[in-house]
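Comments concern the structure below.
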Amino acid sequence: MTRASAGRSLARMRIELTLLGATLVLALVNIFAAGRARTAQYGTKWNVGARDGEMPPLNPLAGRLSRAQANLYETLPIFAAAILACAVAGRFDMKTVIGAHLYFFGRLIYLPLYAAGVPVVRTLVWTIATFGLVLILWALLFG
């Protein structure tokens with residue numbers, strides 16, 4: 001790899017890694033949103049306690065936020081590993097740029113849609129984010 005191509009590679013690498021970092025921040029937002037909703041329902045004493053006892057089912061908002069968090073965690077390890085593997089393999093290209101944008105912004109939009117209980121549109125947004133993940137994997141495996 002020449003110095004010029006290495007510079008171009010680093011410029012492209014930056015946006016995918018930035019979006020990975022932004023997705024990790026989004027994961028923290030998911031954790032705090034779901035935790036806050038659970039604490040609002042069960043109380044601060046429950047939050048700082050051992051949480052050993054049986055609790056009633058989560059209310060709709062807390063349940064949706066917890067499910068949205070779990071849903072993100074199903075694909076986040078794949079996204080992170082794929083972006084890092086592309087970085088190591090030097091496989092960043094337009095597919096990874098588009099894929100990382102689709103994944104991040106899809107997941108960003110997905111959270112409030114799920115929290116609000118929006119049905120069909122939420123699934124379409126999830127599909128777009130997942131397509132972004134597939135693009136990144138395609139770039140990794142097939143260049």
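From the largest down, segment 62-143 spans 41, 19, 14 angstrom on the principal axes of its Cα atoms. Between 58, 102, 72, the residue with the greatest mean-square fluctuation in the GNM of the chain (Cα pairs under 10 Å linked by springs) is 58. Estimated at 0.36 nm per residue, the fully extended path between residue 101 and residue 123 surpasses their Cα-Cα distance by 6.2 nm. Panel values: segment 42-106, Kirkwood radius from alpha carbon pairs, Stokes-Einstein at 4 °C and 1.567 mPa s, translational diffusion coefficient 87 µm²/s. When nucleic acids and ligands are ignored and a 1.4 Å probe is applied, residue 18 ends up with an accessible area of around 70 Å². Alpha-carbon geometry of the chain: the Rg and the Dmax are 18.3, 62 Å, given in that order.
Considering Cα pairs under 8 angstrom that are at least six residues apart, work out the relative contact order of the chain and quote it in whole percent. Please list the in-between numbers first.
Values: 128 pairs, mean separation 43.2, N = 143.
That works out to 30 percent.
Cα-based Rg of segment 97-143 per 2.2 N^0.38 Å, rounded to two decimals?
Working: Rg = 11.6 Å, N = 47, 2.2 N^0.38 = 9.5 Å.
In units of the globular-protein estimate, segment 97-143 measures up at 1.23.
Counting only protein heavy atoms and using a 1.4 Å probe, the accessible area of residue 64 comes to about 50 Å². For helix 94-116, what angle does its Cα long axis make with the longest principal axis of the chain, in degrees from 0 to 90 and rounded to 10? Approximately 10 degrees, to the nearest ten.
What's the center-to-center distance, using Cα atoms, between segment 67-89 and segment 32-66 in Å? What the calculation gives is 26 Å, centre to centre. Computed from backbone phi, the HN-Hα couplings of segment 41-56 come to 7, 8, x, 5, 4, 5, 4, 8, x, 7, 6, 7, x, 6, 10, x Hz, rounded to whole numbers (Karplus: 6.51 cos²θ - 1.76 cosθ + 1.60, θ = phi - 60°; Gly and Pro given as x).
The values are calculated or read from the model by the stated rules, or taken from the named source; none is laboratory data. Predicted model only: the values in this text are computed from it and were never measured. Quick note on the areas: whole protein, heavy atoms, side chains included, nothing else; ligands and nucleic acids left out. Shrake-Rupley method; radii C 1.70, N 1.55, O 1.52, S 1.80 Å.
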